[in-house]
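So the structure is just underneath, and the comments pick up after that.
The values are calculated or read from the model by the stated rules, or taken from the named source; none is laboratory data. These figures come from a predicted structure and were not determined experimentally. Every residue, glycine among them, receives a Cβ derived from its backbone with ideal geometry; neighbour counts consider all protein chains shown.
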């Protein structure tokens, strides 16, 4: 499952720069502390570099050496996207219904909030 793991890692690295960009824009709109905005804007460029390293050096190098892992890499990327979409759907539908997204309330949360 090395190829699938590389695909999962790639999916995470490739999507971080755009999500950091969106987070920074949202924080600016909400007039957040400049240090919060800086945290995410700093990651935009760094994560873009990581994306290129992932594409060329990690995936490219792996598939150059072991081209038979292509389907596994794609599987890892697609599995990550599927699970993230399912999580997002669960979170957003729970929140829209005014419910917790947790499947079971945490004991420490119950003890603190009754």
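Odds and ends about this structure:
Residues checked against (1) surrounded by 18 or more Cβ atoms within 10 Å (Cβ to Cβ); (2) assigned to a helix (DSSP H, G or I); (3) in contact (Cβ under 8 Å) with a residue 40 or more places away in the chain; (4) touching a strand residue (DSSP E or B) at 6+ places or on another chain (Cβ under 8 Å):
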{"residue": "10", "(1), (2), (3), (4)": "yes, yes, yes, no"}
{"residue": "15", "(1), (2), (3), (4)": "no, yes, no, no"}
{"residue": "18", "(1), (2), (3), (4)": "no, yes, no, no"}
{"residue": "36", "(1), (2), (3), (4)": "no, yes, no, no"}
{"residue": "47", "(1), (2), (3), (4)": "yes, yes, no, no"}
{"residue": "54", "(1), (2), (3), (4)": "yes, yes, yes, no"}
{"residue": "57", "(1), (2), (3), (4)": "no, yes, no, no"}
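- Residues satisfying the stated conditions in segment 20-34, i.e. farther than 15 Å from residue 44 by Cα and surrounded by 11 or more Cβ atoms within 10 Å (Cβ to Cβ): 32, 34
- Segment 92-106: number of residues that are at pLDDT below 95 and assigned to a helix (DSSP H, G or I): 2
- The set of residues in segment 60-77 that are free of Cβ contacts under 8 Å to residues at least 40 places away in the same chain and under 22 Å from the mean Cα position of the chain (by Cα) contains only 60.
- Test set (1) within 22 Å of the chain's Cα centre (by Cα); (2) on the phi > 0 side of the Ramachandran plot - residue 31 fails condition number: (1)
- Hey, residue 41 in contact (Cβ under 8 Å) with a residue 24 or more places away in the chain and either within 20 Å of residue 76 (Cα to Cα) or out of contact with any strand residue (DSSP E or B) (no Cβ under 8 Å at 6 or more places or on another chain) (or both) or not: no
- When 112, 65 are checked against the criterion of being more than 17 Å from residue 8 (Cβ to Cβ) and modelled with pLDDT of 95 or more, 65 stands alone in meeting it.
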